[in-house]
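The next block holds one structure in the form of structure tokens; read it before the comments.
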Amino acid sequence: MNTRLQSIQRISHLLSNNYVPESPNDFIGDTRTVAEQLARNVADAFATGCPPLRYVINGKPGIGKSALLRWLQVCIKAHPKWSTFKFSGTQVKIETVEELARQFHYRDLYGDYRLVWIDEADKIPSVAQVRFLLLLDEQPDNVAVAVTSNCKLTEFEERFQTRFQPFEPRPPTQDQVEQFLRQFPLLEHELKQIATFACGNVRQALNDALSALQAQPATTAA
């Protein structure tokens, strides 16, 4: 078990945008299964000439959807700055899609794949969404497009759904969250309370665990 200060540092890192999973074992519950499948898919892609990849990851907030895209980024060896185009759905205007279309057919200088990453894809404006669908139809090899959404897949237009391989990981159970939190020096009643009230939201559980550890006296579990 980590010490209190190590745990505070660890949780802060897990909650930061700089956190990058190192293996599927960094995930819990259904997200671990998705991480394993993504790794297998990418291995197959590298073995067959780097064909286009398209994934949509739907699920409730806080279960690790963005972490799964960071893991995909690791698997395809896409440079986080030079080989990744990252947007929120509200940022994807028609001009954005046109610029991506111009960039698509250039080979990447840093690896085999480039990644287009869009969070909250359900918020892409309708005009841009139509152009985005056409862009996907023209997607060349060596390009991965991955999007996340808090909506259910059935809430997307059918033509949007069918462009992607979907993953809809369920939130982890209370027991899974509790087991995950046992790596930190939390008091037993804190551990169970945090796992119960997180309701499968791992980010919320980590935030609550961080608050609990910060509230402990400096000599506790040091």
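Odds and ends about this structure:
- Considered as a group, the residues in the range 37-82 that are surrounded by fewer than 16 Cβ atoms within 10 Å (Cβ to Cβ) and aromatic (Phe, Trp, Tyr) include one that is nearest to HIS105 (Cα to Cα), and that residue is TRP82.
- Once the range 171-222 is narrowed to residues that are charged (D, E, K, R) and surrounded by fewer than 18 Cβ atoms within 10 Å (Cβ to Cβ), the residue that is nearest to SER16 (Cα to Cα) is ARG203.
- Qualifying helices (runs of 4 or more DSSP H) (wholly inside the range 168-222; at least 1 residues being under 24 Å from the mean Cα position of the chain (by Cα) and among the aromatic types (Phe, Trp, Tyr)): 174-181, 188-198
- Tally, over the range 21-44, of residues that are without any contact (Cβ under 8 Å) to a residue 60 or more places away in the chain, over 17 Å from PRO166 (Cα atoms) and not polar (S, T, N, Q): 7
- Enumeration of residues in the range 8-62 that are modelled with pLDDT of 95 or more, among the hydroxyl-bearing types (Ser, Thr, Tyr) and in contact with a helix residue (DSSP H, G or I) (Cβ under 9 Å, 6 or more places away or on another chain): SER12, SER23, THR31, THR33, TYR55
- Residue in the range 9-17 that is touching a Ser or Thr at 6+ places or on another chain (Cβ under 9 Å) and open to solvent by less than 40 Å² (accessible area, probe 1.4 Å) present: no
- When residues in the range 181-192 are screened for being out of contact with any helix residue (DSSP H, G or I) (no Cβ under 7 Å at 6 or more places or on another chain) and within 9 Å of ALA212 (Cβ to Cβ), 1 of them pass.
- Out of THR162, THR148, sole residue that is open to solvent by 20 Å² or more (accessible area, probe 1.4 Å), under 25 Å from GLU36 (Cα atoms) and not hydrophobic (A, V, I, L, M, F, W, C): THR162
The values are calculated or read from the model by the stated rules, or taken from the named source; none is laboratory data. Computed from a predicted structure; not experimentally measured. Don't worry about glycine lacking a Cβ; one is built from the backbone with ideal geometry, like all the others, and counts go over all protein chains shown. The area values use the complete protein model at the heavy-atom level, side chains included, leaving out ligands, DNA and RNA. Shrake-Rupley method; radii C 1.70, N 1.55, O 1.52, S 1.80 Å.
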